[in-house]
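What follows is one structure encoded as structure tokens, with my remarks underneath.
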Amino acid sequence: MKIDLSKYEIWFITGSQHLYGTDTLKQVDKNSLYIVKYFDESGKLPCKIVFKPVVKTPDEIYKICLDANTAENCVGLIIWMHTFSPAKMWIAGLNILKKPFAHLHTQFNRDIPWSTIDMDFMNLNQSAHGDREFGFICTRMRKNRKVIVGHWQDEDVLKNLNIWSRAACAFHDSQGLKICRFGDNMREVAVTEGDKVEAQMKFGYSVNGYGLGDIVKFVDEVGQKEINALIEEYSNLYELSNNVKKSESLKDAAQIEIGMRALLEDGGFNAFTTTFENLYGLQQLPGLAVQRLMADGFGFGAEGDWKTAALVRAMKVMAACLKGGTSFMEDYTYHFGQENMMVLGAHMLEVCPSIAADKPRLEVFPLSIGGKKNPARLIFDAPAGRGLNATIVDLGDRFRMIVNEIEVVESKKPLPKLPVARALWIPVPNLKTAAEAWILGGGAHHTGFTMALSSEYMQDFANIANIECLMIDSRANIPDFINQCRWNEMYYDKN
């Protein structure tokens, strides 16, 4: 399953009014089209930017917003005021607009033409106050949006548009996303529970449960020829010994992968969960299958954690074709050394090979949980570099995203007896502050881990989804974090 963002569109909408005459409006259209062509040909944006003729009246604005709502491939709008566009004209359109939008506060000309500037130039290039008028009405109407300031040819403007566009694509992907839960949540665990109906209302995705018999039916239909072909693919992609290649456990793992993939594709699922407490009819916990499905773009959450499965899928969409990987992750154990406190992240088996530093090793080892046969899994370390962990939790009255920036490091000591994929990181600003803030914020032990995305992607996604977002970064300190949590309680209680 390839995640293709190029099929999506972002509409470029320019605001003006009839006050300036035909010639000025023709120039506004021409300039806007030029910007769109520059954006589209830059190679810096993930999806197609579509030019729309300048809107000049309340009816035109209403119509373009209505059309955007029903356009299947439109994931959002870029809105810009080339001239002054009286903002009462935008009320009806913004009231019905369902798609996210970015407010581009730019100007067609980069520099003031000092020796030739006249009132004709001033009337044409009024973004400096046209966008402020538009900004007021958006704030007055409590409209979430991203504001991007700068000349449209600046690299940082394109960078910010790229990030927001990817977040818009991820939110669009969530609309109608189907998440398959094999078995239920791990029994007695709190944080993986949540309100699935509210999640569908907020994010757009649906979560439904399926019995292990549904997987077993597909697994039992897999033939030996298919299994042999997949094992040969394993041999080409990963390091594995002849003993592993011939083992019954690897054959079972390949059969499970083929069956699970067929079920997910047949049902139109792009995310799923498993749990080691529900494995009836399966020879082993699906480890290798989960790893490879994640590498292909599926979202995943262990132990029935459907919120993390949806989050990992969204992060996979945002990170499509970017350098670095994205995976389901868990804060597993700490290194509390006084000079270098770190977190060792892993899971029983299910960590995505997209974050591997080197060619993964395919092994079969016992698993001291679940009570099944020895499962196959890919073993590797994540590379050093910047990354982040993110979680979404259900607080009862709202969903909260928590994001912690991290520095992934290489282990200075081997881990010969730990046969799982793993990442070692130093939380920002440090382990003590980050862990205390995470716990105070109610963050889960499961996360979406990425070395492809920055925190700006996550903040943009949260803003589009209209959910709370708490950042733990270099500026984090506990008193301010506690105050932010308390202020947010009042804000969300009011709203």
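Miscellaneous remarks
- Only residues that are at pLDDT 95 or above, more than 20 Å from the chain's Cα centre (by Cα) and among the hydrophobic types (A, V, I, L, M, F, W, C) were counted across the range 265-307, and they come to 2.
- Test: residue in the range 204-225 that is out of contact with any helix residue (DSSP H, G or I) (no Cβ under 7 Å at 6 or more places or on another chain), in a loop (DSSP other than H, G, I, E, B) and under 30 Å from Met458 (Cα atoms): no
- So Lys98, is it assigned by TED's automatic domain parsing to the domain that holds Cys65, touching a helix residue (DSSP H, G or I) at 6+ places or on another chain (Cβ under 9 Å), of a type in the set (Lys, Arg) and touching a residue at least 40 places away in the same chain (Cβ under 8 Å): no
- Of all residues in the range 44-58, those satisfying the criterion of being within 23 Å of the chain's Cα centre (by Cα) and of a type outside the set (A, V, I, L, M) are Lys44, Pro46, Cys47, Lys48.
- Here is the figure for the range 472-485: residues that are surrounded by 10 or more Cβ atoms within 10 Å (Cβ to Cβ) and assigned to a helix (DSSP H, G or I) total 7.
- Pick from the range 121-157, criterion at pLDDT below 95 and outside any helix (DSSP H, G or I), ranking: surrounded by the fewest Cβ atoms within 10 Å (Cβ to Cβ): Gln126
- Restricting attention to the range 447-471, the residues being farther than 22 Å from Gln175 by Cα and in a strand (DSSP E or B) number 4.
- In the range 158-198, the residues that are surrounded by fewer than 17 Cβ atoms within 10 Å (Cβ to Cβ), part of a helix (DSSP H, G or I) and basic (Lys, Arg): Lys159
- Residue ID - surrounded by the most Cβ atoms within 10 Å (Cβ to Cβ), chosen from residues in the range 350-373 that are within 18 Å of Glu239 (Cβ to Cβ) and touching a helix residue (DSSP H, G or I) at 6+ places or on another chain (Cβ under 7 Å): Val351
- Scope the range 388-413; condition more than 18 Å from Asp460 (Cβ to Cβ), assigned to a strand (DSSP E or B) and among the hydrophobic types (A, V, I, L, M, F, W, C); matching residues: Val393, Ile406, Val408, Val409
Yes/no matrix, rows are residues, columns are (1) over 25 Å from Ile148 (Cα atoms); (2) at pLDDT below 95; (3) of a type in the set (Gly, Ala, Ser); (4) touching a Pro at 6+ places or on another chain (Cβ under 9 Å):
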{"residue": "Asn404", "(1), (2), (3), (4)": "no, no, no, yes"}
{"residue": "Ala421", "(1), (2), (3), (4)": "yes, no, yes, yes"}
{"residue": "Gly442", "(1), (2), (3), (4)": "yes, no, yes, no"}
{"residue": "Met451", "(1), (2), (3), (4)": "no, no, no, yes"}
{"residue": "Tyr457", "(1), (2), (3), (4)": "no, no, no, no"}
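- Pick from the range 158-180, criterion modelled with pLDDT of 95 or more and over 22 Å from Ser42 (Cβ atoms), ranking: farthest from the chain's Cα centre (by Cα): Cys180
- Residue within the range 220-235 that is among the small types (Gly, Ala, Ser), more than 27 Å from the chain's Cα centre (by Cα), farther than 25 Å from Gly176 by Cβ and surrounded by 18 or more Cβ atoms within 10 Å (Cβ to Cβ) present: no
The values are calculated or read from the model by the stated rules, or taken from the named source; none is laboratory data. Everything numeric here is computed off the predicted structure, so don't read it as measured data. We place every Cβ from the backbone using ideal geometry, glycine too, and count neighbours over all the protein chains shown.
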